[in-house]
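A.B. asks: Would you mind keeping the following structure in view while I ask a few things?
The values are calculated or read from the model by the stated rules, or taken from the named source; none is laboratory data. What you are looking at is a predicted structure, and each value in this text was computed from that prediction instead of being measured. Neighbour counts are summed over all protein chains in view; Cβ atoms, including those assigned to glycine, are modelled from backbone coordinates with ideal geometry.
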Amino acid sequence: MALREYERDIRGCSRCSICKWVPFAQIKSVDCATVCPSISRYNFHSYSGGGRLILGLSLLEDRVELTEEVADIIYKCVMCGACEVSCKIYRDDIDVLRVIEELRFACVENGMMLPEHMMMVDAMKQEDNVFGEPKSARGDWAKDLGLKDINKEKADVLFHAGCRLSYDEGLRGVVRGAASILSDAGVDLGIAGADEACCGGRAFEVGYRGELEKYAEDFASRVKASGCSKLVTPCSDCYGAFKQLYPMVGKELGVEVLHVVEYVEMLMGQGRIRPTVKVPLKVTYHDPCHLGRRGEPYREWEGEDKLKRPSAFKMSGTRGVYDAPREILSRLPAVELVEMERIREYAWCCGAGGGVMEAYPEFNSWSANERVDEALATGAQAIVTACPWCERSFTDALEERDEDLEVLDLMELLARSLGSEPDA
């Protein structure tokens, strides 16, 4: 769809600025009352969800031109979806995030791309990953784990590592640990190895819709050829792409899609994973955007009047994955969970999404540090998450601070409780 197709949404904005705040009934303190990193960082209305709707209207009415300065405002957004959640608390006929996506598509169509994003997309075209690392090394993380190669044999579960976990050496223990936990539980697990490719989600978020469609088409064919019944990923960005973006562009995978925390929680319920080692640690859990509000399953509403669409078609962020990670934490002996003020669909973003990590590293760091401050205020010894991009953001932020806060993926913490931490 073009920006013009969302004119009703754009004109429907009542300029209330609710998009900037945690819904009022959920606010616990003035320090954690805001929910949008962009408006909080740049403090000018155009950087909010509502401000970008106004910007879209100005473009439609030819009151402004799509200049580099305008594109800069459009791109200084982590695409976390928090503005849409807050907006939909009060009304359900405005799709704020869809408008922001269309603004980015317009930037690409009109040659207003950022160099850092162009480099990322070029890397994807050359090596099928956002880092431009050799495609041949994509499956190196799984060395000596004895996992099936789906290019040679069938497997019931296809394990998709994602770009970050495939190439980030500092997070190697996360992906190896997640795969080992599933294998040890008797899961018939397979990987694509060097043939695994990017999900395309990050390209979509910076305005390259066609790249997502290309990767989705290829991925759907690979999933079908694998014969798997389930697709499991430890990457929240990939999960969000599979659950929300692929159906949105008409690319269904035809199998059950699960984040590893969902699958692990199910296996724990079946008694196939039993953590017994005490890990005396006070932790706080960070909800990744793409596992939470942006991991909410997409359903197309074909009616013309959005006011009449049932709640199941309303992208409110409430149907993301929030309970499974907390249930896992509750089953780890001696682990104590203390919650931050902004959690679940109202969680503050780590700052890595929407192309911000690539193009605006100082904004990424600022947002990550805001969340670190919130985590420290709980008295936690560790911040636990289920997204490698979040873990990287927090780890990098803490390297510049003298704070005693450990950053862990939930699978790393579970591995400790199972007494089976793999070598990185």
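A.B. asks: Show the residue pairs meeting these rules: Cβ distance below 7 Å; 6+ apart or different chains; first residue within region 329-344 and in contact (Cβ under 8 Å) with a residue 60 or more places away in the chain; second residue in a strand (DSSP E or B) and of a type in the set (S, T, N, Q).
C.D. replies: Sorted first by the residue in region 329-344, then by its partner, the pairs are 340/284.
Residues are listed down the side, and each one gets a yes or a no for (1) buried (at least 24 other Cβ atoms within 10 Å of the Cβ); (2) of a type in the set (S, T, N, Q):
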| site | (1), (2) |
| --- | --- |
| 347 | yes, no |
| 352 | yes, no |
| 358 | no, no |
| 363 | no, no |
| 368 | yes, no |
| 373 | no, no |
| 376 | no, no |
| 382 | no, no |
| 385 | yes, yes |
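A.B. asks: Still on this model: If only one of 85, 130, 157 is closer than 24 Å to residue 387 by Cα and either touching a Pro at 6+ places or on another chain (Cβ under 9 Å) or surrounded by fewer than 19 Cβ atoms within 10 Å (Cβ to Cβ) (or both), which one is it? Full working, then the answer.
C.D. replies: Values: 130 fails: either touching a Pro at 6+ places or on another chain (Cβ under 9 Å) or surrounded by fewer than 19 Cβ atoms within 10 Å (Cβ to Cβ) (or both); 157 fails: either touching a Pro at 6+ places or on another chain (Cβ under 9 Å) or surrounded by fewer than 19 Cβ atoms within 10 Å (Cβ to Cβ) (or both).
Of 85, 130, 157, the one residue that is closer than 24 Å to residue 387 by Cα and either touching a Pro at 6+ places or on another chain (Cβ under 9 Å) or surrounded by fewer than 19 Cβ atoms within 10 Å (Cβ to Cβ) (or both) is 85.
A.B. asks: Further question: Within region 26-36, is there a residue that is part of a helix (DSSP H, G or I), in contact (Cβ under 8 Å) with a residue 40 or more places away in the chain and under 25 Å from residue 106 (Cβ atoms)?
C.D. replies: no
A.B. asks: While we're on this one: Starting from region 132-149, keep only residues that are small (Gly, Ala, Ser), then list their pairs with residues that are part of a loop (DSSP other than H, G, I, E, B) and at pLDDT 95 or above whose Cβ atoms are within a distance under 7 Å, requiring at least 6 positions of separation or different chains.
C.D. replies: Close Cβ pairs satisfying both conditions: 139/196.
A.B. asks: Would you kindly identify the helices (runs of 4 or more DSSP H) lying entirely within region 38-106 that contain at least 2 residues that are touching a residue at least 60 places away in the same chain (Cβ under 8 Å) and within 24 Å of residue 305 (Cα to Cα)?
C.D. replies: Details: elements: 49-60, 68-75, 82-90.
Because the criterion is at least 2 residues that are touching a residue at least 60 places away in the same chain (Cβ under 8 Å) and within 24 Å of residue 305 (Cα to Cα), the helices (runs of 4 or more DSSP H) in region 38-106 that meet it are 82-90.
A.B. asks: Considering region 150-161 alone, what residues qualify as being closer than 18 Å to residue 183 by Cα and in contact (Cβ under 8 Å) with a residue 40 or more places away in the chain?
C.D. replies: Scanning region 150-161 gives 150, 154, 155, 156, 157, 158, 159, 160, 161.
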